[in-house]
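Reviewing the structure listed below.
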Amino acid sequence: MAASRAYVAQEPARAAVDAMRGDVLLEFGAPWCPHCLAAEPLVEHVLGLHDDVQHLRIEDGRGKPLGRSFRVKLWPTFVLMRDGVEYARVVRPRASREVEALFDDAS
């Protein structure tokens, strides 16, 4: 599946995320965040190699419960879920290899 360019209009509840089947890449960040903007091409490249992965861009911030439930501290934070279980995460990647490493042990 191609990388999602837009942040979801309303963040899903944690229970909904935990119930998702298959591989889901959660991206926590903000549309104005320079680190998030820099990571966009990295994620697009990696998701182009993994077309079976659902990608959710979630705008994070104060009062946003989903990010807090995943203990997100810095943006962007990428969390790879498989059938509702966290497999791996990467924070503020600077190279596509760092994003690709999410999938190294998840096959």
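The values are calculated or read from the model by the stated rules, or taken from the named source; none is laboratory data. Note that the structure is predicted; figures quoted are calculated from it, not measured. Ideal geometry is used to build each Cβ from the backbone, glycine not excepted, and the neighbour counts take in all protein chains shown.
Mind counting the residues in the stretch 71-98 that are in contact with a Lys or Arg (Cβ under 8 Å, 6 or more places away or on another chain) and within 19 Å of ALA19 (Cβ to Cβ)?
Matching residues across the stretch 71-98 total 4.
Would you confirm, using the coordinates I've provided, whether ALA2 is among the hydrophobic types (A, V, I, L, M, F, W, C), farther than 16 Å from LEU102 by Cβ, modelled with pLDDT of 95 or more and surrounded by fewer than 16 Cβ atoms within 10 Å (Cβ to Cβ)? So that I can check it myself, show each step before the final result.
Details: among the hydrophobic types (A, V, I, L, M, F, W, C): yes; farther than 16 Å from LEU102 by Cβ: yes; modelled with pLDDT of 95 or more: no; surrounded by fewer than 16 Cβ atoms within 10 Å (Cβ to Cβ): yes.
No; evaluated as a whole, the condition is false for this residue.
Here are ARG71, ARG94: which of them is assigned to a loop (DSSP other than H, G, I, E, B), of a type outside the set (Phe, Trp, Tyr), modelled with pLDDT of 95 or more and on the phi > 0 side of the Ramachandran plot?
Exactly one residue qualifies, and that residue is ARG71.
Quick check: is even one residue across the stretch 39-54 loosely packed, with under 13 Cβ neighbours inside 10 Å, touching a Leu at 6+ places or on another chain (Cβ under 9 Å) and part of a loop (DSSP other than H, G, I, E, B)?
Filtering the stretch 39-54 down to residues loosely packed, with under 13 Cβ neighbours inside 10 Å leaves 41, 48-49, 51-52.
Among the residues that remain, those that are also touching a Leu at 6+ places or on another chain (Cβ under 9 Å) are: none.
No.
Identify the residue in the stretch 16-38 that is among the hydrophobic types (A, V, I, L, M, F, W, C) and over 19 Å from TYR87 (Cβ atoms) and, among all such residues, is surrounded by the most Cβ atoms within 10 Å (Cβ to Cβ). Walk me through how you get there before you give the answer.
We begin by selecting, within the stretch 16-38, every residue among the hydrophobic types (A, V, I, L, M, F, W, C); these are 16-17, 19-20, 24-26, 28, 30, 32-33, 36-38.
With over 19 Å from TYR87 (Cβ atoms) added as a condition, the list becomes 30, 32-33, 36-38.
Details: ALA30: 17, TRP32: 8, CYS33: 18, CYS36: 22, LEU37: 13, ALA38: 13.
Within the stretch 16-38, the match that is surrounded by the most Cβ atoms within 10 Å (Cβ to Cβ) is CYS36.
To keep it simple, each residue is scored yes or no on (1) within 18 Å of SER4 (Cα to Cα); (2) of a type in the set (Asp, Glu).
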position: CYS33; (1), (2): yes, no
position: GLU44; (1), (2): yes, yes
position: GLU59; (1), (2): yes, yes
position: ARG71; (1), (2): no, no
